[in-house]
Structures are given as structure tokens and as C-alpha cells.
Amino acid sequence: MQDHKITELISIDRREKRPYDMQIKDRIKALILDQTFYYQDLLPESKDLAEMLLIDKEWVNSAYRLLVKESFIKKTERGFEVTYLELTNYFFDRNTAIYDAIIALGLTPSIECIERSVVTVTEAEARQMGFDQSRTFLRINRIYKGNNRPLIILENYLPMDIFHDIDKVFSGTEPLNAFILEHYGLYAKDSHRVTKAVNLPNHIAKHLNEQEGSPSISSTNHVYDQHHRLIDYGLSHSTSSYYFQSMIHLFN
């Protein structure tokens, strides 16, 4: 059974006229909307939740299907996973997929790979990134776009000892999280992102179609897999338009 706070927060009212699946669906939806249950969290298995509620599991399955239809959850290899995303400060504290964040803004996402190479860093450089020793990485630099407009430039360092042959199989135009789950069976369980306000340097500004010195949100991100290994070190800059669109989205 999924050991999660949501399990004990779901209840049904046997006196209510609405069917159980609608009650369960609305209760889970409310927990997602008030951010008790977050992006990429797993729902309890339907059998376990049904046993807890003392109902047939088909009621839970029906509730989950309704939530999938409304785009609040999706079925993955891990189970039923929350896909709904609010671009609040929580975005900066968790490994929220940028691709999904752009969709949440109502934009059509795309990725342009502008640079990719295999690099070996010194032990000092590796430790600065958060790795325990000198490593060889696939270094990849990509631009995430919404409606074909540049929004974020992201530079990732992916350790080759974990992602064998990733330089041969990852083109850089695919969403990274989905790719590593499909090809390596790994998923981003935790992350630590540090953000700050900066002015865009010229070499980054030109890729984002912004003026040099334009305001930007810069971040470094450490991503850890389900085995608690550091699997990705990232550096990003977002355009001011992306940042303000995020804020506007919150208040609409």
C-alpha cells in the first residue's frame, strides 16, 4: 500500500446521494488543488484505497478514470501519478518537468538542442556540482520553447557511469525525465533547486532573443533518483516573459 498522507484524508459519506466514484474523485481533486497532494506524487493503489474505504475497488478505478479524463492524474509505470501543476514557489523546490510547466501555461512546448558533447571534469569541478569524484558527463544545452518562443535555456550534466551510451541514444529534443524513465528505468524522485535573480549575459541572452542585461531567473538544480543518487546537475536561465507569465497564470 502506498504510504502517503492522502490515504487517510480520503473519505466517503454513505448518506450522500452522489455515487462513491464522484465523491472520491472530488475529494482527491480538492487535495490536489490545495496542494496537499503534489505534482508527481502517487495515488494509493485502487485495491488498497477500496479496502480502507470498505467499498468495491471498481468505485476507485472509476474515480481514477475520471481524474485522468480531467487531466489531474495519469497512469504511469509507477502507478497513478499527479500531473496537475501550479507554478508557485513549489516549482522551484521540486523537480518539476519544464516541459509540463510550459503545458501548464497553456503553451505548446518544444525543445531545441543547441549543443551536446561528452566532457570529463576535474575532481574539484565534480565536487562543486555535488558529485563525489571526477566524472565523465554528457553535457547538453537546450532551449525550451512555448509556442515556438524561447522561454528557458537549460544546461545539464548527466553522468555517463549511470546513463551508459546516453550520448548515442539521447538527441536532446526529447523531454529528459520521460526519456530516462523509458530507457534507464530511473525517475527523478527528489531535487534541490536554488534560484536567484540575475541579468542575462550576452551569450545566453542571444539564444533567448532577449537584450543583454535583461532580468532573468537563474537556477542550479540537483536531481536525485529513486536510489538517492545524484543523476543530473543543471543550470538554467528563464526569460523575464516566462517568469511573468507564470505569475499571471497563478492569478487568472
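The values are calculated or read from the model by the stated rules, or taken from the named source; none is laboratory data. The shown structure was predicted, so the numbers you read here are calculated from the model rather than taken from an experiment. Note: ideal-geometry Cβ built from the backbone for every residue, glycine included; neighbour counts use all protein chains shown.
Restricted to segment 153-173, and to residues there that are modelled with pLDDT of 95 or more and assigned to a strand (DSSP E or B), the residue that is nearest to SER218 (Cα to Cα) is GLU155. So LEU186 passes all but one of these: (1) modelled with pLDDT under 90; (2) touching a helix residue (DSSP H, G or I) at 6+ places or on another chain (Cβ under 6 Å). Which condition number does it fail? Result: LEU186 fails condition (1) only. The conditions of being surrounded by 19 or more Cβ atoms within 10 Å (Cβ to Cβ) and at pLDDT 90 or above are met by SER46. Can you pull out every residue in segment 155-190 that is surrounded by 15 or more Cβ atoms within 10 Å (Cβ to Cβ) and of a type in the set (Asp, Glu)? Within segment 155-190, GLU155, ASP167, GLU174 meet the criteria.
A Cβ distance below 7 Å, combined with a sequence gap of six or more or placement on separate chains, defines the contacts here; from segment 21-36, residues that are under 20 Å from ASP56 (Cα atoms) and in the same structural domain as ASP56 (by TED's automatic domain parsing) reach residues that are polar (S, T, N, Q) and part of a helix (DSSP H, G or I) in the pairs ASP21/SER62. Remark: pairs (first residue in segment 142-156, in contact (Cβ under 8 Å) with a residue 60 or more places away in the chain and outside the structural domain of ASN221 (by TED's automatic domain parsing); second residue part of a strand (DSSP E or B) and surrounded by 19 or more Cβ atoms within 10 Å (Cβ to Cβ); Cβ separation under 9 Å; 6+ apart in sequence or on different chains) are absent. Looking at LYS206, LYS189, LYS145, just one residue is of a type in the set (Lys, Arg), within 18 Å of SER236 (Cβ to Cβ) and under 22 Å from the mean Cα position of the chain (by Cα), and that residue is LYS145. Between ILE6, ILE98, ILE102, the distinction of being touching a Gly at 6+ places or on another chain (Cβ under 6 Å) and either at pLDDT below 75 or in the same structural domain as ASN148 (by TED's automatic domain parsing) (or both) belongs to ILE102 only.
Among the residues of segment 27-46, at least one is farther than 30 Å from LEU186 by Cα and out of contact with any strand residue (DSSP E or B) (no Cβ under 7 Å at 6 or more places or on another chain). Between GLN226, GLN245, GLN211, the distinction of being farther than 23 Å from ARG116 by Cβ and at pLDDT 85 or above belongs to GLN226 only. Of all the listed residues (ARG116, ARG193), the sole one being in a strand (DSSP E or B), modelled with pLDDT of 95 or more and surrounded by 15 or more Cβ atoms within 10 Å (Cβ to Cβ) is ARG116.
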